[in-house]
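A.B. asks: Once you've had a glance at the structure underneath, I'll fire off some questions.
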Amino acid sequence: MTKITAVILAAGMGVRMGARGRLMPKGLIPLGGTPIIQQSVATLRSHGVARIVIVTGHLSDQYEALFADSDVELVHNPRYATTGSLLSLAVGLEQVGTACLIVESDLIYAPQALAPLDCASNRFLVSGPTGAGDEIYVWADIQADRTHLLADISKNRSARSDSPLGEMVGLTALTADAVPMMRETAAQELSRNPEEHYEPGMVALTQKVAVECPLISDLPWAEIDDETMLARAERLVYPRVIAARG
């Protein structure tokens with residue numbers, strides 16, 4: 001994966017984390033004594049990702065301090081407080097001329113999450129049911145070769161009459177050819193809604209290029225958006241992630 005750039009989206013204000021979110025970005029929340037974004041960077045490195053770009057916003061100085069002596073690159077979204085994650089993705093992709101992994105900063109995940117994301121094709125990772133309480137559902141159209149192609153994403157499980165394939169993880173692979181398409185798609189979507197998040201941008205991208213949905217039904221992973229999700233991650237998920245790291 002030496003020719004792949006990872007773009008980590010870390011500009012959000014973490015409002016749902018309450019007091020903790022006002023003190024630190026979500027990516028700097030520690031699990032096992034280490035910030036989750038630092039663990040994500042280590043996992044990406046172990047998978048051979050040579051270049052990592054973090055898009056900062058809220059309390060960006062804390063990321064600058066953490067990565068001051070590393071080769072991790074930081075770019076700032078100055079409009080982080082009034083825009084959604086799609087603009088942060090656009091800011092990050094401005095730095096990218098290669099295949100790309102898109103990673104959310106508030107994730108803890110087992111290393112096998114990266115196995116299907118080799119950027120040989122566009123892939124949007126899907127997991128089985130988590131019971132996390134804030135699921136984002138993914139629908140996919142099945143092809144003749146049994147490949148699942150991204151069709152829709154929603155927090156509303158009843159958004160479509162058919163059953164979702166699974167849950168969105170927050171890890172996406174784009175080929176080098178798809179990166180400029182994603183930049184163009186982001187610009188188009190942001191012109192309509194400057195506050196748009198990147199999930200609708202990914203769905204819009206499917207009008208230009210196929211995006212596969214690999215499913216890992218038993219993946220240990222968690223998104224940390226509030227204190228309840230943090231407690232669940234500490235109690236139920238992080239021990240499984242540590243075990244998966246060997």
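A.B. asks: Would you please name the residue that is farthest from Asp177 (Cα to Cα), looking only at residues in segment 1-37 that are at pLDDT 95 or above and polar (S, T, N, Q)?
C.D. replies: Thr34
A.B. asks: For segment 37-80, give me each residue that is in contact with a strand residue (DSSP E or B) (Cβ under 6 Å, 6 or more places away or on another chain) and either closer than 24 Å to Leu190 by Cα or assigned to a strand (DSSP E or B) (or both).
C.D. replies: Arg51, Ile52, Val53, Ile54, Val55, Thr56, Ser60, Glu73, Leu74, Val75, His76, Asn77
A.B. asks: Within the set of pairs 6 or more residues apart or between chains, which connect a residue that is at pLDDT 95 or above and part of a helix (DSSP H, G or I) inside segment 190-212 to a residue that is polar (S, T, N, Q) and loosely packed, with under 15 Cβ neighbours inside 10 Å with Cβ atoms less than 8 Å apart?
C.D. replies: Here the result reads Ala204/Gln188, each pair linking segment 190-212 to a residue that is polar (S, T, N, Q) and loosely packed, with under 15 Cβ neighbours inside 10 Å.
A.B. asks: Only one of Asp134, Asp162 is assigned to a loop (DSSP other than H, G, I, E, B), in contact (Cβ under 8 Å) with a residue 60 or more places away in the chain and charged (D, E, K, R). Can you tell me which? Before the answer, list the steps.
C.D. replies: Details: Asp162 fails: in contact (Cβ under 8 Å) with a residue 60 or more places away in the chain.
Being assigned to a loop (DSSP other than H, G, I, E, B), in contact (Cβ under 8 Å) with a residue 60 or more places away in the chain and charged (D, E, K, R) holds for just one of Asp134, Asp162, which is Asp134.
A.B. asks: Sticking with this one: Identify, by number, the condition in (1) in contact with an Asp or Glu (Cβ under 9 Å, 6 or more places away or on another chain); (2) in a loop (DSSP other than H, G, I, E, B); (3) surrounded by fewer than 21 Cβ atoms within 10 Å (Cβ to Cβ) that Arg16 doesn't meet.
C.D. replies: Result: Arg16 fails condition (2) only.
The values are calculated or read from the model by the stated rules, or taken from the named source; none is laboratory data. In this text, all values refer to a predicted model and were calculated from it rather than measured experimentally. Note: ideal-geometry Cβ built from the backbone for every residue, glycine included; neighbour counts use all protein chains shown.
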